[in-house]
Amino acid sequence: MARIVGGMGISHTPSMGIEYDRAHGGNDHFPTHWQPWFDGTRPARDLLAELAPDHMVVVYNDHLNYFTLDNYPTLAIGIGDEFRQMDEGWGPRELPPLPGNHEWGIHLSQHLIDNDFDLTVCQDLGIDHGIFSWLPYVVDLPFPIPVTPIAVNMIREPLPRPQRMAALGSALRRAIEGFPSDQRVLVVATGGMSHQISGARFGIANADLDRWFLDKLPRNLDELMKIDITEYMALGGTEAAELTLWFAMRAALSDAAQVQYSFSTFPQITGCGVLVMTEP
Ligand SMILES: [Fe+2]
């Protein structure tokens with residue numbers, strides 16, 4: 001049977017992707033405020049190479065680039081063999097599509113729906129910076145590892161409760177361990193850390209909250225889940241709600257999982273961090 005070899009929590013932001021393209025498309029360097037993020041993702045990249053996963057399950061959120069306000073599922077899964085890149089307004093980036101694997105997609109959707117997660121099942125799931133912004137920082141191009149994307153509504157009220165994200169992680173673990181192969185699986189959750197991109201509090205962030213969250217998540221998931229999602233929004237900006245997506249990654253791992261790497265920085269607008277944990 002397949003097994004989870006580790007997990008990664010990581011931030012996403014549109015500018016993260018833009019700066020990657022500039023640095024790799026002629027500039028040959030990152031601006032001063034983004035260089036720490038590139039440098040800080042090098043150990044994560046090395047750890048992923050060591051873990052050598054055969055498959056990645058990525059819990060992320062779309063930002064009105066594929067789903068619309070008229071049709072916004074709380075939970076959706078992509079089951080195709082390839083996922084296209086959504087154009088977020090500045091033209092498609094020079095990246096290959098995200099590779100998928102329909103056997104994994106069908107297996108996970110069957111198991112999760114059997115266990116009361118009412119997923120919207122998508123054959124064609126267009127992906128935005130929720131995955132494409134950080135992925136080139138931690139794996140080489142063309143993307144070598146097939147991905148099953150699971151999209152969670154972080155846009156339109158009502159949002160799923162933080163406890164639901166942890167339950168999703170636990171269910172994912174059981175589902176992955178029921179996949180009939182000896183594949184190695186990495187569970188990834190991605191959400192921006194503190195930030196707010198709308199309203200009167202536009203631009204507020206909280207790097208202290210980001211560091212505190214990274215320190216707490218590996219060993220104190222129960223404590224973090226007791227905090228109401230509106231409290232994360234109050235402390236770190238409305239979009240800090242995306243931190244609750246990280247709960248799915250931690251809950252998919254065992255109590256014995258160990259932190260291998262943790263890093264955070266604040267380039268602009270959105271707190272950026274990465275956490276890599278491995279199973280013994
Ligand atoms: Fe986001």
Practice task
State all residues of the range 211-249 that are more than 16 Å from the ligand (Cβ to nearest atom), of a type in the set (D, E) and assigned to a helix (DSSP H, G or I); if no residue qualifies, say none.
Solution key: D215, D222, E223, E231
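State yes or no: is F266 open to solvent by 50 Å² or more (accessible area, probe 1.4 Å) and either basic (K, R) or in contact (Cβ under 8 Å) with a residue 40 or more places away in the chain (or both)?
yes
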Exercise for the section: Any chance you could count how many residues in the range 9-41 are surrounded by fewer than 13 Cβ atoms within 10 Å (Cβ to Cβ) and either modelled with pLDDT of 95 or more or under 19 Å from the mean Cα position of the chain (by Cα) (or both)? Expected result: 1
Completion exercise
The one condition R164 fails out of (1) closer than 23 Å to I127 by Cβ; (2) away from the ligand (no atom under 16 Å from the Cβ); (3) open to solvent by less than 60 Å² (accessible area, probe 1.4 Å) is (3)
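Does N61 meet the test of being within 16 Å of the ligand (Cβ to nearest atom) and either crowded, with 20+ Cβ neighbours inside 10 Å or without any contact (Cβ under 8 Å) to a residue 12 or more places away in the chain (or both)? Walk me through how you get there before you give the answer.
Numbers: within 16 Å of the ligand (Cβ to nearest atom): yes; either crowded, with 20+ Cβ neighbours inside 10 Å or without any contact (Cβ under 8 Å) to a residue 12 or more places away in the chain (or both): yes.
It is true that N61 is within 16 Å of the ligand (Cβ to nearest atom) and either crowded, with 20+ Cβ neighbours inside 10 Å or without any contact (Cβ under 8 Å) to a residue 12 or more places away in the chain (or both).
Yes/no matrix, rows are residues, columns are (1) open to solvent by 40 Å² or more (accessible area, probe 1.4 Å); (2) free of Cβ contacts under 8 Å to residues at least 24 places away in the same chain; (3) within 19 Å of the chain's Cα centre (by Cα):
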position: L209; (1), (2), (3): no, no, yes
position: F213; (1), (2), (3): no, no, yes
position: K216; (1), (2), (3): yes, yes, yes
position: L224; (1), (2), (3): no, no, yes
position: E231; (1), (2), (3): yes, yes, no
position: A240; (1), (2), (3): no, no, yes
position: A248; (1), (2), (3): no, no, yes
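The values are calculated or read from the model by the stated rules, or taken from the named source; none is laboratory data. Fair warning: this is a prediction, and the values are worked out from it, not measured in the lab. Note: ideal-geometry Cβ built from the backbone for every residue, glycine included; neighbour counts use all protein chains shown. Calculation scope for accessible area: heavy atoms of the full protein, side chains included, ligands and nucleic acids excluded. Shrake-Rupley method; radii C 1.70, N 1.55, O 1.52, S 1.80 Å.
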